[in-house]
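So the structure is just underneath, and the comments pick up after that.
The values are calculated or read from the model by the stated rules, or taken from the named source; none is laboratory data. All of these numbers come straight from a predicted model, not from anything done at the bench. Here the Cβ positions follow ideal geometry from the backbone for every residue, glycine too, while neighbour counts run over all protein chains shown. Areas reflect the complete protein model, heavy atoms only, side chains present, ligands, DNA and RNA absent. Shrake-Rupley method; radii C 1.70, N 1.55, O 1.52, S 1.80 Å.
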Amino acid sequence: MDEIDHKLMSLLRQDARLTVAALAAKLRVSRGTVTNRIRRLEDDGVIVGYTVRLRPDVQHNAIKAWMSIAVDGNQTRTVIASLLGEPGVSALHDTNGRWDLLAELEVRSMNDLSAVLERVRLISGIRSTETSIHLTTYR
């Protein structure tokens with residue numbers, strides 16, 4: 001990936017709805033160049049999809065939380081595979097420091113959160129967890 005690819009991805013992160021013509025104008029390249037680069041980035045698995053980001057206050061019924069997870073020994077891959085299958089986990093991050101993984105949870109109710117926490121704690125290979133509920137999101 002070169003500088004144009006990085007600029008292209010940055011523009012798409014800001015607004016994935018930009019037209020190829022608008023992207024080409026901002027990058028000062030041809031529309032064909034933009035189309036080919038997007039196709040290559042998708043084919044190479046660099047771009048895996050496009051999504052909608054909502055303002056945090058729009059999702060009135062969503063409860064969001066962070067779950068910090070400590071994994072026993074070399075069980076990380078097994079734990080990750082299990083967590084990726086958990087519907088309450090909206091994103092999963094490998095991290096350093098005290099915790100091995102950081103899971104973003106998103107559910108509709110406190111009962112749903114309780115059920116997700118219970119299911120996650122039953123996953124073999126998880127030593128301990130700590131969960132913090134998002135109270136206010138500023139950005």
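Annotations for the structure displayed:
- For the stretch 83-130, the share of alpha carbon pairs falling in successive 5 Å distance bins from zero is 5, 20, 32, 28, 12, 4, 0 percent.
- Rounded percent of accessible protein surface that carbon and sulfur make up, the chain, 1.4 Å probe: 48
- The stretch 52-139: chymotrypsin sites (Phe, Trp or Tyr not before Pro) in DSSP loop, at most 15 other beta carbons within 10 Å: Tyr138
- Calculated [θ] (222 nm, deg cm²/dmol) that DSSP helices of n ≥ 4 give over the chain, each run adding -39,500 (n - 2.57): -11500 deg cm²/dmol
- Correct option for semi-axes √(5λ) of the Cα gyration tensor in Å [calculated from the coordinates] among [x] 36, 20, 12; [y] 31, 16, 15; [z] 33, 20, 13: [x]
- For the chain, the longest principal axis of the C-alpha atoms and the axis of helix 110-121 are separated by about 80°.
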